[in-house]
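Student: I have a structure I would like to understand better, so I am pasting it below and will then ask my questions one at a time.
The values are calculated or read from the model by the stated rules, or taken from the named source; none is laboratory data. Please read these numbers as outputs of a predicted model, since none were measured by experiment. So basically every Cβ, Gly included, is an ideal-geometry build from the backbone, and we count neighbours across all protein chains shown.
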């Protein structure tokens, strides 16, 4: 029995270490992850800070309530307090338990509104990219580049290359420069979708007939992964998002190759989509 308990605690310790390492992974969730993904954009940093603030407040409230319950159980049980008080009101206590929650909510509201404003306003954009949700894949248009558009479909297991994560890798990759204010326009062609990239602090609904916008500024080169986070049909869980962040110099070099590879096909796709929209 003792050996089983020791083995259980050892397994828990290993899991805890694994979870701690998972937090340090860049750009994607990992098994047994504890906490948020590391932040790689200004909005994501503020979201993490706000989460940590709420965690402290919630923990303090929970501990206070727990201690209060323990005190009440010990101090006012039938054995310790055989003759209970007949008091029905206490003005001071009623004042405190009304005012203190209000002050706590105000303390939470101030950074909450600041974060909402910071995430909602779009910084002066250096470039714009448009994400279009389909059942069940994403299409992308580089708005500042003529006819540069492509679709990104999830790779099946037999198509994965070494190092590519299952259910997260796509056939075409969004390439974006670091240290650049990027305006992201999000819409959908058929049903509701949601473009979500945890490492950037971005989660924007894609609504048919509506163009939503947000922004991001990637701080570090690397590969980042997200997924559609709005239930959108049978293959909702197979709409990954794959972003490769590169230096500005590498991005310019990629643009030259991408225009040769995608521009013609993207232009034809846009023409067909426009014609279909006019017909409807």
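Student: When both residues are 6+ apart or on different chains and their Cβ atoms are under 7 Å apart, which pairs have a first residue that lies in the stretch 95-110 and is farther than 16 Å from residue 65 by Cβ, and a second that is assigned to a helix (DSSP H, G or I)?
Tutor: 108/54; 108/57
Student: Ok, one more. Would you mind finding the one in 112, 85, 41 that is touching a strand residue (DSSP E or B) at 6+ places or on another chain (Cβ under 7 Å) and either surrounded by 10 or more Cβ atoms within 10 Å (Cβ to Cβ) or not assigned by TED's automatic domain parsing to the domain that holds residue 225 (or both)? Steps first, answer last, please.
Tutor: Values: 112 fails: touching a strand residue (DSSP E or B) at 6+ places or on another chain (Cβ under 7 Å); 85 fails: touching a strand residue (DSSP E or B) at 6+ places or on another chain (Cβ under 7 Å).
After applying the criteria, what remains is 41.
Student: Is the stretch 146-169 home to any residue that is touching a residue at least 40 places away in the same chain (Cβ under 8 Å), closer than 19 Å to residue 117 by Cα and in the same structural domain as residue 132 (by TED's automatic domain parsing)?
Tutor: No: the stretch 146-169 contains no residue that is touching a residue at least 40 places away in the same chain (Cβ under 8 Å), closer than 19 Å to residue 117 by Cα and in the same structural domain as residue 132 (by TED's automatic domain parsing).
Student: Also, quick follow-up: Need the failing condition index for residue 105 against (1) assigned to a helix (DSSP H, G or I); (2) surrounded by fewer than 10 Cβ atoms within 10 Å (Cβ to Cβ), just the number.
Tutor: Result: residue 105 fails condition (2) only.
Student: Taking the stated definitions as given, is residue 148 under 28 Å from the mean Cα position of the chain (by Cα), modelled with pLDDT of 90 or more and farther than 25 Å from residue 44 by Cβ? Give the derivation first.
Tutor: Working: under 28 Å from the mean Cα position of the chain (by Cα): yes; modelled with pLDDT of 90 or more: yes; farther than 25 Å from residue 44 by Cβ: yes.
Yes: the conditions hold for residue 148.
Student: Among the residues of the stretch 119-130, is there at least one that is modelled with pLDDT under 95, closer than 25 Å to residue 26 by Cα and exposed (fewer than 12 other Cβ atoms within 10 Å of the Cβ)?
Tutor: yes
So that you can scan it fast, the table gives a plain yes or no per residue for (1) surrounded by fewer than 17 Cβ atoms within 10 Å (Cβ to Cβ); (2) farther than 17 Å from residue 140 by Cβ:
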residue	(1), (2)
209	yes, yes
212	yes, no
220	yes, yes
224	no, no
228	no, no
235	yes, yes
240	no, no
243	no, no
257	yes, no
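Student: Among the numbered conditions (1) in contact (Cβ under 8 Å) with a residue 12 or more places away in the chain; (2) over 17 Å from the mean Cα position of the chain (by Cα); (3) more than 17 Å from residue 248 (Cβ to Cβ), tell me where residue 221 comes up short.
Tutor: All conditions pass for residue 221, except number (3).
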